1. Over 10 Å intervals from 0, what percent of Cα-Cα pairs in segment 195-291 sits in each interval?
2. Can you give the % of DSSP beta bridges in the chain that are antiparallel, to the nearest 5?
3. Using every alpha carbon pair in the chain, what percent of pairs falls into each 10 Å bin from 0 up to the bin containing the largest distance?
4. With a 1.4 Å probe and all protein chains left in place, how much accessible area per residue does the chain have, in Å²?
5. Could you give each residue of segment 381-393 its phi-based ³J(HN,Hα) in whole Hz, using Karplus coefficients 6.51, -1.76, 1.60 with θ = phi - 60°, and x for Gly or Pro?
6. Using 16 Å as the cut-off for backbone N distance, which residues of segment 165-195 belong to the label zone defined by a point 7 Å from the Cα of residue 202 along Cα→Cβ?
7. Kindly provide the chymotrypsin sites (Phe, Trp or Tyr not before Pro) of segment 262-351 that DSSP labels as loop, not H, G, I, E or B, and whose Cβ sees at most 12 other Cβ atoms within 10 Å.
8. Residue farthest toward the positive end of the dipole of segment 303-413, with Cβ of Lys/Arg at +1 and Asp/Glu at -1: which of 331, 378, 356?
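The values are calculated or read from the model by the stated rules, or taken from the named source; none is laboratory data. Quick caveat, the model's predicted, so the values are computed rather than measured. When we count neighbours, we look across all protein chains shown, and the Cβ atoms used for this are built from the backbone with ideal geometry, even at glycine. Heavy atoms of the whole protein, side chains included, go into the accessibility calculation; ligands, DNA and RNA do not. Shrake-Rupley method; radii C 1.70, N 1.55, O 1.52, S 1.80 Å.
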Amino acid sequence: MPEIYLDGMVAPYHNYGGLSEGNIASLKHQNQISSPKEAALQGIKKAKIVYSLGLHQGFFLPHERPIFEVLHNLGFKGSEKTVLNKISAKFPTLLNNLYSSSAMWAANAGTFSPSADCEDNLAHITTASLTSMLHRSIESEFTHVQMQLIFGNLCQLHEPITNLSYKGDEGAANHLRIASSHDAPGFEIFVHGGSIFEKQNIVQRQALEASHAISSNHKLNDKRTFFIEQSQKAIAAGSFHNDIVSLANENVCLFHADAFSNPEEFKVIQEQISQHIPEAVFIKIYNEEISLGDIVGSYLLNSQLVTNPSSNEMCLILPREVNEYSSVERWLEKLPDISPISQIEYVDIKQSMMNGGGPACLRFKAQLQQEELLKINSRFLFDDKKFIALENLVDKFYRDSLSPKDLQDYSLIIETREFLQEITKLLNLGSIYSFQK
Ligand code: SUG
């Protein structure tokens with residue numbers, strides 16, 4: 001069964017708003033000057049690495065920003081320019097929220113369960129939604145539109161789960177799947193930040209209730225589904241999503257000793273999975289090897305672990321920042337001896353990393369049967385020509401640099417729309433954005 005990756009394409013307004021509580025990188029780089037062009041080209045280059053390994057690689061389009069409908073609902077009236085001037089002068093933080101490029105981190109687009117895991121033998125997707133932060137809460141509507149366009153012909157698609165006070169559903173970022181291979185029935189592990197009724201901490205983003213709803217809607221087998229809580233220690237250290245302290249691909253799972261609130265509970269899960277999948281490989285990283293601080297700082301476990309379809313060997317795609325940590329370098333040296341991971345690739349996605357988004361954050365992944373793959377909307381898939389076409393569009397329309405003040409400039413709205421218009425034309429998608437309707 002092939003695996004397909006869809007990366008969130010970086011938007012022309014990519015900037016550092018410092019909006020995400022608990023996300024150390026986002027807060028640290030607040031108000032710095034961004035380079036939307038560099039960011040988008042770095043993202044495309046990462047996608048190209050995955051594609052050149054022989055994997056199916058696609059993309060989600062950037063969202064339209066700002067969405068004036070949101071502002072009209074908030075009582076701002078008048079022409080677009082009038083509204084922009086008003087919020088620029090009086091509500092600059094609101095402007096930042098409405099201009100975030102956070103939809104680029106496609107791991108937060110949704111949760112995917114392959115047909116092999118679901119009792120109705122259909123693949124299921126639930127579009128994610130995080131209501132506790134304004135800039136993230138406005139993603140789900142257009143993400144759902146794109147899920148429908150891309151997967152509508154092959155998947156059972158579920159609406160985002162909303163109304164979860166102080167928490168939400170962060171999709172693949174808090175979800176692990178372990179299977180002997182992509183096409184075999186797997187075990188799905190939902191990693192949550194507790195019940196919405198227990199704790200009121202905005203950084204514990206994934207609601208237990210959302211995880212349960214997804215497993216039920218996806219018709220997962222109870223005996224093959226687990227729920228486990230993220231550790232408070234990891235969250236406090238900056239692991240706002242579990243995909244910063246754990247990862248899984250097929251039969252391999254890497255996790256830090258401080259990833260889960262009750263490590264013994266995870267041990268039981270490991271044992272149960274290993275009974276069914278004897279070839280499962282769980283690699284725990286101890287604090288003595290790499291401290292929690294270095295795991296979070298380096299984003300080692302936010303790397304993208306993929307299976308090369310031609311060699312069947314695993315390749316770890318790492319952010320090049322890992323080389324700044326000697327503990328991580330030492331651990332990586334021994335990795336081929338302790339795991340089936342035989343290849344390592346480094347990517348430069350610094351522009352995304354500065355907002356707390358590593359290689360795994362940038363992609364949504366789906367394991368599909370061959371016949372399901374044929375039903376995917378190929379307009380959203382890369383081929384050699386499309387790589388060049390998208391790079392050319394970025395080169396033509398994206399700014400080399402963007403300062404926080406530039407968000408107040410109406411011409412950024414015009415440029416963004418011009419780009420979105422061109423890309424929808426290139427992909428023959430018709431009118432999908434609000435400004436096109
Ligand atoms: O939700 N950053 C994102 C990063 C998401 C990373 N995704 C995964 N780990 N899967 C977030 O914290 C920052 C935007 C800003 O500050 O402008 C932001 O939203």
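1. Spelled out bin by bin, segment 195-291 gives 14, 43, 36, 7, 0 percent.
2. 50 percent
3. Once binned at 10 Å, the Cα pair distances of the chain give 4, 23, 34, 27, 10, 2, 0.
4. Ligands and nucleic acids excluded, the figure is 39 Å² per residue.
5. Taking θ as phi minus 60°, the curve returns 9, 6, 9, 3, 5, 5, 4, 5, 4, 5, 4, 5, 5 Hz for segment 381-393.
6. So the set is 165-169.
7. 286
8. The residue sitting farthest along the positive end of the dipole is 378.
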